[in-house]
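Since the structure comes first, as C-alpha cells, the remarks are kept for the end.
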Amino acid sequence: MSEVFTKSMARNIFYGGSVFFFLLLLALTFQTHEAWPERDNHENLTDTVRHGKELWEVNNCVGCHSLLGEGAYFAPELGNVYQRYGNSTDAIKAFIMSRPKEGIPGRRSMPQFNFDDEELEAIAQFLKYASGINTNDWPPNIQG
Amino acid sequence: MKYESQSVAKLYFIAAIGLFVGQIVFGLVMGLQYVMGDFMFPEIPFNVARMVHTNLLIVWLLFGFMGAAYYLIPEEAETELHSPMLAKLMFWVFLVAGALTILGYLLVPYSTLAEMTGNSLLPTMGREFLEQPTITKIGIVIVALSFLYNVGFTVLKGRKTVITLVLLIGLAGLAIFFLFSFYNPDNLVKDKYYWWFVVHLWVEGVWELIMASILAFVLIKTTGVDREIIEKWLYIIIAMALITGLIGTGHHFFWIGAPEYWLWWGSIFSALEPIPFFMMTVFAFNMVNKRRINHPNQPAVLWALGTAVMAFLGAGVWGFMHTLAPVNYYTHGTQITAAHGHMAFYGAYVMIVLAIISYAMPLLRGRKACNSAASQVAEMWSFWLMTISMVFITLFLTGAGILQVYLQRFSDEPMSFMVVQDKIELFYWMREGAGVVFLIGLLLYVYSFFIGGEERTVEEKV
C-alpha cells in the first residue's frame with residue numbers, strides 16, 4: 001500500500017468502523033425485539049413448553065437433530081415435525097416411545113430415553129410450539 | 001526465545017496438540033456412524049461423539065490462542081510475563097476442567113451430567129457447542145479472566161505494539177461474548193438469536209482479530225519485513241473483518257424467527273465477509289515476496305501462507321456459496337453447512353495455531369531457529385496430507401450436500417431425510433476415507449517433533 005494511505009488512517013477505519021457497526025447491530029437488535037411479539041409464538045409458551053425445552057436441552061437432542069435448521073445433521077429437522085406428523089402430538093410421543101433400547105442393526109436409531117407420560121407431553125408440546133414460530137416460510141417443504 | 005517466561009507457552013501447545021488428536025479420533029467415529037448407524041451404539045451415541053469432537057476443537061484452539069499469547073506477548077512487550085506462576089496454574093485448572101467435562105460426556109448419560117452439575121440452578125447446557133456444564137462454563141470465565149489479567153498487565157508494563165493491542169482486543173472480545181452463553185431464555189427465538197452472539201461473534205468476529213495478529217507476528221519474524229507495513233495491513237484487515245462480520249451475523253437470523261429485513265442485512269454484509277480473508281491472503285504472499293531474510297524455519301512460513309489461503313477458501317468462498325438468503329433457504333442446515341464448517345475452522349483457526357506452534361516450538365525447545373531438515377520435511381508432508389485431505393473432506397461433504405438439497409428440498413417430489421441419507425452414503429464413505437488420511441497426516445505431524453538431527457543454519461539475508 002502506498003504512503004498516501006497511512007497506518008493512522010487504517011487505525012481510524014478500524015476503530016470508527018467497528019464502533020459504528022457494533023452500534024448498528026445493537027440498534028437492529030433493539031428493532032428485532034420490537035418485531036418479535038408478532039412472530040415468536042410466545043403466546044403458546046406455557047409451563048409445559050418450558051419443561052419441554054429443558055428436556056430438549058438436558059438430553060442434548062440438538063446433538064443429532066436440527067431445530068429451525070440449527071444443530072446436527074445426523075437426524076431429521078424437528079422445527080416442522082409437528083406438521084410432518086399430521087399435526088399430532090400423539091404421533092410424536094409414539095415415535096419417541098417406540099425406539100428400541102439396543103438400536104437397530106446397521107442403522108441410525110434414536111436412543112430410548114424412558115420418558116414418563118408427563119415428559120413426553122412436554123417434549124411434544126415444545127416441538128408444537130417451535131413449529132408455530134414465523135420462520136419466513138422455512139423449511140421449503142414438509143420433509144424439513 | 002528471548003524471555004524466560006515465554007516457556008509457559010510450551011505447556012499450552014503440547015496440550016493443544018494432544019487434544020487435537022483426540023478431536024480427530026472422535027471425528028472418525030462420527031464419520032463411521034454416518035454410514036454404520038449402529039457403530040458404538042448405545043455406548044457412544046452420535047451426539048456424544050459430536051460433543052467430544054466439537055468441544056475438544058474449541059478447547060484446543062483456546063489452548064493454542066493462550067499459548068500464542070504467552071509466547072508472543074512477552075516478546076512484543078519486551079518484558080517478562082506478569083506472572084508465569086498464574087499462567088501455569090491456570091493451565092492445569094483448564095486442562096483438568098476440560099478433561100473432567102469430556103469424561104463426563106463419555107461416562108454418564110448427558111441428562112445425568114446435567115443433574116450432577118446442577119444445571120437446573122442456571123440452565124445453560126444442551127445448546128450446540130455450549131454443551132459444557134454450567135460449572136465448566138464458570139471455570140472457563142475464571143481461566144479467561146486470569147489470563148487477560150496476566151497478559152494485560154504484561155503489556156501495560158512493557159512496549160505496546162499494534163500486534164499485542166489487536167490480540168488483546170480479540171481475546172477480551174472472546175471473553176466478553178462468551179458471557180452470552182449464560183443467557184438461555186425460555187423463548188426459543190431469543191435463545192437462538194443470542195446464541196449467535198457467542199458463536200458468530202467469536203468465529204466471524206473477534207477470533208479473526210486473534211488470527212490476524214498471530215499471522216502478523218509470524219510474518220514479522222519469518223520475513224523481516226518492516227513492522228510499519230505489517231501493522232498497517234493488520235489494521236485494515238481487522239477493520240474489514242468487523243465492518244462486514246458484525247452485521248454479517250444477520251445471515252444466521254434468516255429462518256429462526258427474526259424479522260424479514262435480516263434477509264437483506266445478513267445477505268449483503270455476509271457477502272462481504274470474504275474480503276478480510278482475501279486481504280489476508282494478499283498480505284501473507286506480499287510479505288513473503290518482500291522478505292528481507294530467508295528464515296530457516298520453512299514449515300512456519302508454509303503454515304502462515306497456508307492458513308491465509310485455506311481460510312479464504314473455507315470461510316470466504318465456501319461461506320459465500322450459501323450465504324445469500326435465496327440460496328440459504330435451500331442449503332440451511334444441510335451437509336453444505338458441514339462442508340463449510342470443516343474447511344473454515346481448519347483453514348482459519350487450526351492452521352494459524354499450527355503456524356505459531358511451528359514457529360515457536362523449536363525456540364521453546366532451546367533450538368536456535370528451527371528444527372532439523374528431516375523434521376521440517378516430515379512437518380511439511382503432514383501439512384500437505386492434512387490440507388489436501390481437508391480439501392477432499394470438504395468436496396465430498398459439498399457433493400453430499402448438493403444431492404441432499406436437491407433430493408430433500410428442491411426436486412418436485414421431495415424425499416424424507418433418512419431416505420436421502422441412504423442415497424448419499426457413498427459421499428460419506430469417501431469423506432471417512434479422507435478423514436483417515438487426515439489422521440495419518442496428524443500422526444506424522446506429532447512424529448515430526450521427535451525427529452532429531454542437526455539444526456539448519458540460522459537466517460540469512462535475501
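The table below gives the values:
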item: Shielded by partner chains, the range A:66-87 residues - at least 50 Å² of accessible area, 1.4 Å probe, vs chain alone; result: A:LEU68, A:GLU70, A:TYR73, A:PHE74
item: Chain lengthening between B:LEU89 and B:LEU444 when straightened (0.36 nm per residue, less Cα-Cα); result: 124.7 nm
item: Distance (nanometres) between label positions extended 7 Å along Cα→Cβ at A:ALA35 and B:VAL437; result: 4.4 nm
item: Accessible surface buried once A binds B (1.4 Å probe; total of both sides; Å²); result: 6900 Å²
item: Helix A:47-58 vs. chain A, principal-axis angle (Cα, 0 to 90°, nearest 10); result: 80 degrees
item: Greater than 31 Å apart at Cα, pairs in B:LYS88/B:LYS461; B:LYS157/B:LYS368; B:LYS10/B:LYS137; B:LYS190/B:LYS423; result: B:LYS88/B:LYS461; B:LYS190/B:LYS423
item: Accessible area of the range B:62-214 divided out per residue, in Å², using a probe of 1.4 angstrom; result: 34 Å²
item: Gyration tensor verdict on the range A:43-144 (Cα atoms; rounded if a/c is under 1.5, prolate if a/b is larger than b/c, oblate otherwise); result: oblate
item: Cβ-derived FRET efficiency at R0 25 Å, B:MET36 paired with B:TYR406, nearest 0.05; result: 0.50
item: Peptide-level mean, for A:11-24, of C-beta atoms on other protein chains within 10 Å; result: 6
item: Extension gain from B:GLU80 to B:ALA172, taking 0.36 nm per residue of separation minus the Cα-Cα distance; result: 31.0 nm
item: In degrees, nearest ten, helix B:373-405 long axis to first principal axis of chain B (Cα); result: 20 degrees
item: Where a label projected 7 Å from the Cα of B:LEU145 along Cα→Cβ would reach, residues of the range B:182-222 with amide N under 17 Å; result: B:182-183
item: For chain B: relative contact order, % (alpha-carbon pairs under 8 angstrom, 6 or more apart); result: 15 percent
item: Delta accessible area of at least 30 Å² on complex formation, residues of the range B:237-270, 1.4 Å probe, chain isolated as reference; result: B:ALA239, B:LEU242, B:ILE243, B:LEU246, B:ILE247, B:TRP255, B:GLY257, B:PRO259, B:GLU260, B:TYR261, B:TRP262, B:TRP265
item: Protein-protein interface of the range B:398-412, residues with accessible area decrease of at least 40 Å², isolated chain reference, 1.4 Å probe; result: B:ARG409
item: Rounded FRET efficiency, nearest 0.05, which uses the C-beta distance separating A:LEU23 from B:LEU122 and R0 of 30 Å; result: 0.50
item: Per residue accessible area in Å² of the range A:86-144, where ligands, DNA and RNA are left out and the probe is 1.4 Å; result: 49 Å²
item: Percent carbon-and-sulfur accessible area, the protein assembly as shown, ignoring ligands, DNA and RNA, probe 1.4 Å; result: 67 percent
item: Difference of contour (0.36 nm per residue) and Cα-Cα distance, B:TRP264 to B:ILE138; result: 41.7 nm
item: Over the range B:29-131, relative contact order from alpha-carbon pairs under 8 Å, at least 6 apart, %; result: 27 percent
item: Crossing angle, helix B:162-178 versus chain B [Cα axis fit, 0-90 degrees, rounded to tens]; result: 30 degrees
item: Distance between modelled label sites at B:ASN289 and B:LYS157, nm, 7 Å Cα→Cβ extension; result: 4.4 nm
item: Charge dipole magnitude, Cβ of K and R +1, D and E -1 - the protein assembly as shown, Cα centre, debye nearest 20; result: 1940 debye
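The values are calculated or read from the model by the stated rules, or taken from the named source; none is laboratory data. Note that this is a predicted model, so its numbers are computed, not measured. Glycine also receives a Cβ, built like all others from the backbone with ideal geometry; neighbour counts cover every protein chain displayed. Protein only, heavy atoms only, side chains kept; ligands, DNA and RNA dropped before computing areas. Shrake-Rupley method; radii C 1.70, N 1.55, O 1.52, S 1.80 Å.
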